[in-house]
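Some notes on the structure that comes next.
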Amino acid sequence: MILSRFHKSYPLPDKPGRILLIATRRCAVLELSESLWSRVRSGGELTQKERETFIRLGVLVESHEAERAGMLATFDNINASAKRIELTVTLTLECNLACPYCFEDPFRGHLSMSSETADLLLERVREYMAKGRDVLVDYYGGEALMALPLLKSSAARMQAAALEFGVVFTFNVFSNGVLLTRKVVEELLPLGLTAVRTTLDGPPDIHNAQRPFVSGKGSFDIILKNLLAVHDLVALDIGGNYTRENYRRFPELLDIMLEAGIDPARLKAVGFSPVMPKSDGGVLGDHAATCACGSEPWVIEANLFLRDELIRRGFPVSKLQASACMIEFANDLVVGYDGSLYKCPVFMGQEELRVGSLADGVGDYRKSHNLDLWKNEECLECAYLPLCFGGCRFFRKLQTGAIDGVDCRRGMLDASLERIVRQDLSVGK
Ligand code: SF4
Ligand code: SF4
């Protein structure tokens, strides 16, 4: 057995003679003595137990060729064995907020899914379910709760179909929180609601400037009131979009949430991301912020700072995990309000990145989305590959105007991985 390519090790200055080891393929984190580490690296003598542990955690592998073949087949294997289909469904492009950074701004308006398109969606979902697939839907917008009757009928019909075929149907809602009352959550839970992703952009003055109602009025108070009212009922995933100028004030939001009575232990996750620049000179937030992120030094510093502040106050943060762009997962699709299909919510409305329709099915997007962009020597030799897989196609397109290569995260991971892992290890201490 030999040492995997996919690892990073760091000395532990506070613990002389010991090191921190991160096996990135399994996201395993170990603390071990330098002498044991030296034996692992040099192929020295190990006890059977040590050997088994290092193999299980992906630190030792049979050969680099076999490891490389395994990496190359990652998504083929995942896609072939996936039991669940994941759909992001856009019910409406209407929204009661007018966030200046909204990427849907150019095509937002009175456009909602017709009953014919909703029927077609159900037909496709029933086909998946008939093949024994579970279905997870993220209801999305615009503001998904502005289409509540449609959301309820869609979920109820999918739930009935799941019962008929003996599979599981669950759904999440992406909501700005304005209409997220306890009554609404109580109505949606029996239909399969599992989590709500919502947004607070910092303390009231910042949030109200970044996420005003269409009328211009601030939305902070009503959203906080709603989150307080529902956070014991449903898992809340709270995000927020910061700028270089305002991220240091986001801890004020955390204190306001605590003072209002929000119990961090009941939340699913809280995490903040930078408002992203759009290619047209505007800015972009929300959905892309959940996976796209910048590599500029101030963004790295802001992420680490905010993670520290969250952990210090007992808020749950997402842990280090293997991650890849949704485009790699053949069973994940975004359904536009008009039945168009995409591979990422931020590509909605971009004709060249439309991959098909509910009526015609999914076409071949291998070339348009540069599917194998990470299958190059540099990435295959990179310890960060399991955490990156070539980064974000959308972000690359922002930078160069095309999905013509990777969005390399090496600089960002070099600068932050060790601190992220140390932060994770400090949770609960
Ligand atoms: S292109 Fe991929 S990584 Fe980037 S925002 Fe879309 S789904 Fe996320
Ligand atoms: S894009 Fe960069 S960080 Fe990501 S796997 Fe390739 S070389 Fe590594």
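The values are calculated or read from the model by the stated rules, or taken from the named source; none is laboratory data. Not measured: the values here are computed from a predicted model. All Cβ positions, even for glycine, are placed from backbone atoms using ideal geometry, and neighbour counts span all protein chains on display.
Does residue 371 count as more than 8 Å from ligand 2 (Cβ to nearest atom) and either among the aromatic types (Phe, Trp, Tyr) or touching an Asp or Glu at 6+ places or on another chain (Cβ under 9 Å) (or both)? Can you show your working first?
On the way: more than 8 Å from ligand 2 (Cβ to nearest atom): yes; either among the aromatic types (Phe, Trp, Tyr) or touching an Asp or Glu at 6+ places or on another chain (Cβ under 9 Å) (or both): yes.
In short, yes.
Quick one: residue 381 ticks every box in (1) at pLDDT below 95; (2) farther than 30 Å from residue 126 by Cα; (3) among the acidic types (Asp, Glu) except a single one, so which number is it?
If we test residue 381 against (1) at pLDDT below 95; (2) farther than 30 Å from residue 126 by Cα; (3) among the acidic types (Asp, Glu), just (1) comes out false.
Which numbered condition trips up residue 403, out of (1) surrounded by fewer than 21 Cβ atoms within 10 Å (Cβ to Cβ); (2) touching a Ser or Thr at 6+ places or on another chain (Cβ under 8 Å)?
Just one mismatch for residue 403, condition (1).
For residue 208, state whether it is under 22 Å from the mean Cα position of the chain (by Cα) and not β-branched (Val, Ile, Thr). Full working, then the answer.
Details: under 22 Å from the mean Cα position of the chain (by Cα): no; not β-branched (Val, Ile, Thr): yes.
Answer is no for this residue.
Being within 15 Å of ligand 1 (Cβ to nearest atom) and of a type in the set (Gly, Ala, Ser) is the filter; apply it to segment 377-419 and report the residue that is farthest from residue 27 (Cα to Cα).
Filtering first and then ranking leaves 401.
Kindly indicate whether any position in segment 379-392 is charged (D, E, K, R) and more than 11 Å from ligand 2 (Cβ to nearest atom).
Initially, segment 379-392 is screened for residues charged (D, E, K, R), giving 381.
Checking the rest, the ones that are also more than 11 Å from ligand 2 (Cβ to nearest atom) come to none.
So far as segment 379-392 goes, no, none of its residues is charged (D, E, K, R) and more than 11 Å from ligand 2 (Cβ to nearest atom).
Only residues in segment 39-58 that are closer than 16 Å to residue 20 by Cα count as the first member; pair them with residues that are exposed (fewer than 10 other Cβ atoms within 10 Å of the Cβ) and not hydroxyl-bearing (Ser, Thr, Tyr), Cβ under 9 angstrom, at least 6 apart or cross-chain, and list the lot.
39/45
Just a yes or no: is a residue in segment 217-227 out of contact with any Pro (no Cβ under 7 Å at 6 or more places or on another chain), more than 25 Å from residue 265 (Cα to Cα) and not in a helix (DSSP H, G or I)?
yes
Hey, among the residues in segment 299-348 that are within 16 Å of ligand 2 (Cβ to nearest atom) and not in a helix (DSSP H, G or I), which one's surrounded by the fewest Cβ atoms within 10 Å (Cβ to Cβ)?
321
Residues in segment 389-396: is at least one part of a helix (DSSP H, G or I) and among the hydrophobic types (A, V, I, L, M, F, W, C)?
Step one: of segment 389-396, the residues part of a helix (DSSP H, G or I) are 393-396.
Going one step further and asking which of them are among the hydrophobic types (A, V, I, L, M, F, W, C), we end up with 394-395.
So far as segment 389-396 goes, yes, one or more of its residues are part of a helix (DSSP H, G or I) and among the hydrophobic types (A, V, I, L, M, F, W, C).
Buried (at least 16 other Cβ atoms within 10 Å of the Cβ), more than 24 Å from residue 23 (Cβ to Cβ) and away from ligand 2 (no atom under 13 Å from the Cβ) - does that describe any residue in segment 420-427?
Taking every residue of segment 420-427 in turn, none turns out to be buried (at least 16 other Cβ atoms within 10 Å of the Cβ), more than 24 Å from residue 23 (Cβ to Cβ) and away from ligand 2 (no atom under 13 Å from the Cβ).
For every residue, the table says whether it meets (1) hydroxyl-bearing (Ser, Thr, Tyr); (2) surrounded by 22 or more Cβ atoms within 10 Å (Cβ to Cβ); (3) in a strand (DSSP E or B); (4) modelled with pLDDT of 95 or more.
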{"site": "146", "(1), (2), (3), (4)": "no, no, no, yes"}
{"site": "149", "(1), (2), (3), (4)": "no, no, no, yes"}
{"site": "162", "(1), (2), (3), (4)": "no, no, no, yes"}
{"site": "190", "(1), (2), (3), (4)": "no, no, no, yes"}
{"site": "196", "(1), (2), (3), (4)": "no, yes, yes, yes"}
{"site": "202", "(1), (2), (3), (4)": "no, yes, no, yes"}
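Could you look through segment 1-10, keep only residues that are of a type outside the set (Gly, Ala, Ser) and modelled with pLDDT of 95 or more, and pick out the one that is farthest from the chain's Cα centre (by Cα)?
Here the residue is 3.
Could you please find all residues in segment 342-372 being within 16 Å of residue 89 (Cβ to Cβ), away from ligand 1 (no atom under 16 Å from the Cβ) and at pLDDT below 95?
Matches in segment 342-372: none.
Being farther than 26 Å from residue 426 by Cβ and either in contact with a strand residue (DSSP E or B) (Cβ under 9 Å, 6 or more places away or on another chain) or surrounded by fewer than 16 Cβ atoms within 10 Å (Cβ to Cβ) (or both) is the requirement here; does residue 55 meet it?
yes
Which of the residues belonging to segment 349-382 are in contact (Cβ under 8 Å) with a residue 60 or more places away in the chain and part of a helix (DSSP H, G or I)?
Listed by number, the list holds a single entry, 380.
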